[in-house]
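Student: Quick one: the structure is below, and I'll ask about it shortly.
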Amino acid sequence: MSEAPVQSVTENPGTTGLPGIHIAPWYELSAPYREPAPVPPSRRGDLPYTPDELRVSAEGAYNAGDFDTATRYILAAVEGYRSRHDAWGVADALAVQGSIARFVGDAGAAVALYRESLSIFNVLGDLTSTGRLYQALAEVCFATGAYRESADVQFEGLALLPDEPVLLVGLGYTLWYQGHEANALTYLTRALVGRRGNKPAMLARGQIQADLGRPIAALADLDPLVGPAGEQPDQQADLKSARGVCFSAMGRTADGEAELRDALLLAPHRARTHRRIADVRLRAGDIERAEAALRASVTAADALPPVHRERARRLLDRLVATHA
């Protein structure tokens, strides 16, 4: 049986333009499941034939963007490991196959493959690999809007790995997107215990506090995240719109408006920005502009999570009804 290597997932943020892929705010999309060992020089140029070489060749084809070849090689690798009764190799190759399916936009296949891989790693007692699979499975569920399933996966993972920061942050985001802000804050705070520099956790917790009308607590998380450009535009927009809400609530109107303008420039179609603009306009008593911002928030292509969108829609209906 192959010995499980202790290696980290290879990050590959440059692949975000591939079809069907959405990145959860807390989780970087990864290249195949683990970084492969190099093909031995004596074998280079030959056709792969062992399961290990097939697996490495699958990742090479994947990294080259040849997903059909990558899929063909990894399927052969899975069968090769099965014929050797190498359970760990099967689970590892299934995880690679799941990653390939995910990157070509077949989320359903990715979930099924990740689950099969996870079940084998659980039986083998490989906690390191199990933790990675819980993270990947939760993220792909989140990315398809299956927030309840994503939360269930993360709860299951945390039962085995109670201090795993990626699972804690992911659960915080998932609960927030389901509308359970208080519970989300609990897990995000757990993720920050001893890990104050956890930026995704700080960004989520700060935004939730801002939306709940707690500007001082929110800015304690958000201000340290302000820095040079380089983050994803939507994340920068969320940071700025949340700070804009805080400044406006504290009476710093000019600063708040500046942050909201910047957020719109960064991501004009960001529904969350329009929703926060609506809150600021309501606080100022500008009902007409609040209605316009709410309409933009519920019709934006970059949609709010369903629970948040429904809240905005109900508020818009109430405002319209009072001016009918």
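The values are calculated or read from the model by the stated rules, or taken from the named source; none is laboratory data. Just so it is clear, the model here is predicted, and its values are computed rather than measured. For neighbour counting, all protein chains shown are included, and Cβ atoms are generated from backbone atoms with ideal geometry for every residue, glycine included. Ligands, DNA and RNA are excluded from the accessible area calculation, which covers all protein heavy atoms including side chains. Shrake-Rupley method; radii C 1.70, N 1.55, O 1.52, S 1.80 Å.
Student: Provide a single number: the residues in segment 193-211 that are surrounded by fewer than 19 Cβ atoms within 10 Å (Cβ to Cβ) and of a type in the set (A, V, I, L, M).
Tutor: Residues in segment 193-211 being surrounded by fewer than 19 Cβ atoms within 10 Å (Cβ to Cβ) and of a type in the set (A, V, I, L, M): 1 in total.
Student: Yes or no: A184 at pLDDT 95 or above and crowded, with 19+ Cβ neighbours inside 10 Å?
Tutor: yes
Student: Moving on to the next point. Could you identify the single residue in D302, D286 that is closer than 27 Å to G145 by Cα and either charged (D, E, K, R) or over 30 Å from the mean Cα position of the chain (by Cα) (or both)?
Tutor: Working: D286 fails: closer than 27 Å to G145 by Cα.
So the residue among D302, D286 that is closer than 27 Å to G145 by Cα and either charged (D, E, K, R) or over 30 Å from the mean Cα position of the chain (by Cα) (or both) is D302.
Student: Something else: Residue by residue through segment 293-319, note down the ones that are open to solvent by less than 60 Å² (accessible area, probe 1.4 Å) and assigned to a helix (DSSP H, G or I).
Tutor: We begin by selecting, within segment 293-319, every residue open to solvent by less than 60 Å² (accessible area, probe 1.4 Å); these are 293-294, 296-298, 300, 302-305, 307-308, 312, 315-316, 319.
Across segment 293-319, the qualifying residues are A293, L294, A296, S297, V298, V307, H308, A312, L315, L316, L319.
Student: Here are some residues: D279, D262. Which one is touching a helix residue (DSSP H, G or I) at 6+ places or on another chain (Cβ under 8 Å), open to solvent by 20 Å² or more (accessible area, probe 1.4 Å), in contact (Cβ under 8 Å) with a residue 40 or more places away in the chain and under 30 Å from F142 (Cβ atoms)?
Tutor: Numbers: D262 fails: in contact (Cβ under 8 Å) with a residue 40 or more places away in the chain.
One residue alone meets the criteria, D279.
Student: Whether any residue in segment 144-154 is among the basic types (K, R), closer than 24 Å to E310 by Cα and in contact with a helix residue (DSSP H, G or I) (Cβ under 9 Å, 6 or more places away or on another chain) is what I want to check. Write out each step before concluding.
Tutor: Of segment 144-154, the ones among the basic types (K, R) are 148.
Now restrict to residues that are closer than 24 Å to E310 by Cα: 148.
Narrowing further to those that are in contact with a helix residue (DSSP H, G or I) (Cβ under 9 Å, 6 or more places away or on another chain): 148.
Yes.
Student: Are any residues in segment 212-250 on the phi > 0 side of the Ramachandran plot and open to solvent by 60 Å² or more (accessible area, probe 1.4 Å), and if so, which ones?
Tutor: G230
Student: Further question: Which pairs do you get when a residue that is closer than 15 Å to L282 by Cα, found in segment 305-324, comes within reach of a residue that is surrounded by 16 or more Cβ atoms within 10 Å (Cβ to Cβ), reach meaning Cβ atoms under 6 angstrom, with the pair 6+ apart or on two chains?
Tutor: A312/R275; A312/L294; A312/S297; A312/V298; R313/V298; L316/L294; L319/E291
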